[in-house]
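All remarks here apply to the structure that follows.
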Amino acid sequence: MMNQPLKSAIGFASRNSIASSASHPAPVGGLNTRDAEAAMRTVYATTMENFWPQERFVGIRGGAETHHPTPAAVKQLGSWNGATGRELYAFTDMGAFGVTAAGDAAPPIAKAFTSGDMVLVNYSTSGGSYLAGVNGVDSYFYYKSPVWTSVATFNVGNGAPDETIATDKFSYLALHQRALYFIEKESMNFYFLPIDSITGEVKRFPVGGLYRKGGKLVAMGSWTIDGADGPDDLAVFLSSEGQAVVYSGTDPATAGSWSLRGVFDVGTPLGSTPFFKLGGDLLVLTSFGLTSMTKLMKEGWTSSKTTLTDTISSYFQDTTRGAETSKEWRVVADPKISLLLINVPASPTRGRLQLAMNLVTGAWTVFKGWETTSWELHNGQLYAGVGNSVAKMWTQSGDFGKRIVCYARCAWAYLPPRARTKQVNLIRFLIRVGGELSISAGLDADFRTSDLFYPLNFTLFPISRFDTSEWNEASWGALESMQVDWLSIPVEEGFCLAPSLRVFAGDATFQWSAVDYTYTVGGLVG
């Protein structure tokens, strides 16, 4: 029996129908919540969760596994990187705990603290390598393996005679031009040590007169404008009201070597550590998005080109609502997998999630299922705080023994010719798969979305590995298969279509490269 084109109320007449085909790439452009759906390019997706967009295909994000339990909730992770080794510590409201090696039992306390909300810096001087930190509650500390040292007060060199400041008043710590800088909480003052010093006498520098919106200082960043550490580095001081004051120079105490470069509006800062250094650029996480200071100076803060989150601007704004004051906002990067990640705290209407960008392509996606509070790249491996434990992230398995649930809805595609209705006859998803997973697909028309999915069946052929089987008794090759079968998915006729894909993945490989259609073109509406 020959297939006949469908006929609808708008006149899908068989005498006007034309058989046609089309192919679109998988949504390697990632999530797009900025562009109008009727004008969005097919390289994007209107929804993307736990998929990982890459240059040539869309894959699945890495998994997670428990690395080490802790006796209290992890607030921050810190990595000490010394000449003799590297050590990982989890900071909680009880104190710091060593979690360098994997373990099944909570480790002994390394140093007691009353708050785990630390701001940490790795710093090397002629005296060695240090992990230093402040939290606005406990005294300033520094760690040089295996010794922890607390400093209760600093002398203020440019203050009143014998003036001191208690270091538990310091809420932020930064490294700039080989010197440590401290921000005094609930104030517009910063303090700084001499270069190459881990302790000693500090000097105070007030900046309140530069912030026309008032507020208090909350963070500081060091911005490299020449691509390397050196005298061209700028110091950026961020206020609670979203203004950034930029200085150039090496010594705030010397007028000739310290000058104001400008004051910029960047948006209300998010989290306790809103600055993140990426290559020669300084990024700042605010309610406006993840902003590039380099682009901000060139384009101005009103330009969308200044934010790395421009493509997901609408989604980003939605995620900030109800979570603006949380300290769990974090930014982390892992260059070896081209990952930039924003940890998004829970709000009254949703759980925790992560916004992830491919550093090579700029494509964004959403990660769900990770209840992370903090992140750290330690010894080339990503780790995260998850409740009362530290987890090893981006592993090859699922999430803590469970499958990863991935979902994407592609952009609405106006198959040619745009002005005519179409009836899709067959569709196929070009996917290379291997391992343990299940896949189902859906197809919607004319902006009418549904939750109907139909399974895709794959036949995987176990192939013997090289050097593990007897010669001439087994074949060699990859343990995977390419999906090339055409599918018939029920869908109403329409002008535009949006395919969707749902994957439940365990220990699996997955590469989605394209979507192909065969369809019948109907007449003009009239």
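The values are calculated or read from the model by the stated rules, or taken from the named source; none is laboratory data. On a predicted model such as this, the values are computed, not experimentally measured, just so you know. Virtual Cβ from ideal backbone geometry, glycine too; neighbours counted across all protein chains shown. Protein only, heavy atoms only, side chains kept; ligands, DNA and RNA dropped before computing areas. Shrake-Rupley method; radii C 1.70, N 1.55, O 1.52, S 1.80 Å.
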In the list Ala102, Ala110, Ala90, which residue meets the criterion of being in contact (Cβ under 8 Å) with a residue 12 or more places away in the chain, of a type in the set (A, V, I, L, M) and not in a strand (DSSP E or B)?
Ala102
Hey, can you tell me all the residues within the stretch 380-407 that are in contact with a Lys or Arg (Cβ under 8 Å, 6 or more places away or on another chain), open to solvent by less than 10 Å² (accessible area, probe 1.4 Å) and touching a residue at least 60 places away in the same chain (Cβ under 8 Å)?
Gly385, Ile404, Cys406
Those residues of the stretch 235-280 which are at positive phi, surrounded by fewer than 20 Cβ atoms within 10 Å (Cβ to Cβ) and in a loop (DSSP other than H, G, I, E, B) amount to Gly279
Quick one: which strands (runs of 3 or more DSSP E) lie wholly within the stretch 18-68 and hold at least 3 residues that are among the polar types (S, T, N, Q) and farther than 30 Å from Ala105 by Cα?
18-25
Could we say that Asp162 is open to solvent by 40 Å² or more (accessible area, probe 1.4 Å), out of contact with any Lys or Arg (no Cβ under 9 Å at 6 or more places or on another chain) and part of a loop (DSSP other than H, G, I, E, B) here?
yes
Just the residues that are of a type in the set (Gly, Ala, Ser) and part of a loop (DSSP other than H, G, I, E, B), please, taken from the stretch 113-124.
Ser115, Gly116
It is to be established whether one or more residues within the stretch 109-118 are small (Gly, Ala, Ser), over 29 Å from Asp232 (Cα atoms) and buried (at least 21 other Cβ atoms within 10 Å of the Cβ).
yes
Considering only the stretch 477-519, state which residues are modelled with pLDDT under 90, open to solvent by 60 Å² or more (accessible area, probe 1.4 Å) and in a strand (DSSP E or B).
Met482, Asp507, Thr509
If we scan the stretch 297-307, do we find a residue that is outside any strand (DSSP E or B), modelled with pLDDT under 95 and surrounded by 18 or more Cβ atoms within 10 Å (Cβ to Cβ)?
yes
I'm trying to understand the selection: among the residues of the stretch 318-363, which are farther than 27 Å from Asn379 by Cβ and of a type in the set (Asp, Glu)?
Asp318, Glu324
Single match in Leu452, Leu456, Leu415 (criterion: more than 31 Å from the chain's Cα centre (by Cα) and surrounded by 14 or more Cβ atoms within 10 Å (Cβ to Cβ)):
Leu415
Just to be sure I understand, how many residues within the stretch 50-72 are surrounded by fewer than 18 Cβ atoms within 10 Å (Cβ to Cβ) and aliphatic (A, V, I, L, M)?
1
Would you call Glu37 modelled with pLDDT under 95, open to solvent by 10 Å² or more (accessible area, probe 1.4 Å) and within 27 Å of Thr307 (Cβ to Cβ)?
yes
Qualifying residue in the stretch 318-337 (condition: part of a loop (DSSP other than H, G, I, E, B) and closer than 27 Å to Glu37 by Cα):
yes
Consider Val207 against the criteria (1) surrounded by fewer than 17 Cβ atoms within 10 Å (Cβ to Cβ); (2) under 26 Å from Thr153 (Cβ atoms); (3) at pLDDT 90 or above: it satisfies all of them except one. Which criterion is unmet?
(1)
If you take the residues of the stretch 190-202 that are crowded, with 18+ Cβ neighbours inside 10 Å and out of contact with any Asp or Glu (no Cβ under 9 Å at 6 or more places or on another chain), which of them is nearest to Gly133 (Cα to Cα)?
Ile198
Residue count for the stretch 169-215, restricted to those that are without any contact (Cβ under 8 Å) to a residue 24 or more places away in the chain and outside any loop (DSSP other than H, G, I, E, B):
4
Being within 24 Å of Ala505 (Cβ to Cβ) and among the aromatic types (Phe, Trp, Tyr) is the requirement here; does Trp364 meet it?
yes
Determine, yes or no, whether Ile337 is out of contact with any Pro (no Cβ under 6 Å at 6 or more places or on another chain), open to solvent by less than 20 Å² (accessible area, probe 1.4 Å) and under 16 Å from Arg61 (Cα atoms).
no
Single residue of Lys169, Lys144 found to be over 25 Å from Ser248 (Cα atoms), surrounded by 15 or more Cβ atoms within 10 Å (Cβ to Cβ), out of contact with any Ser or Thr (no Cβ under 7 Å at 6 or more places or on another chain) and among the charged types (D, E, K, R):
Lys169
If you take the residues in the stretch 125-136 that are surrounded by fewer than 16 Cβ atoms within 10 Å (Cβ to Cβ) and either of a type in the set (S, T, N, Q) or not in a strand (DSSP E or B) (or both), which one is modelled with the highest pLDDT?
Thr125
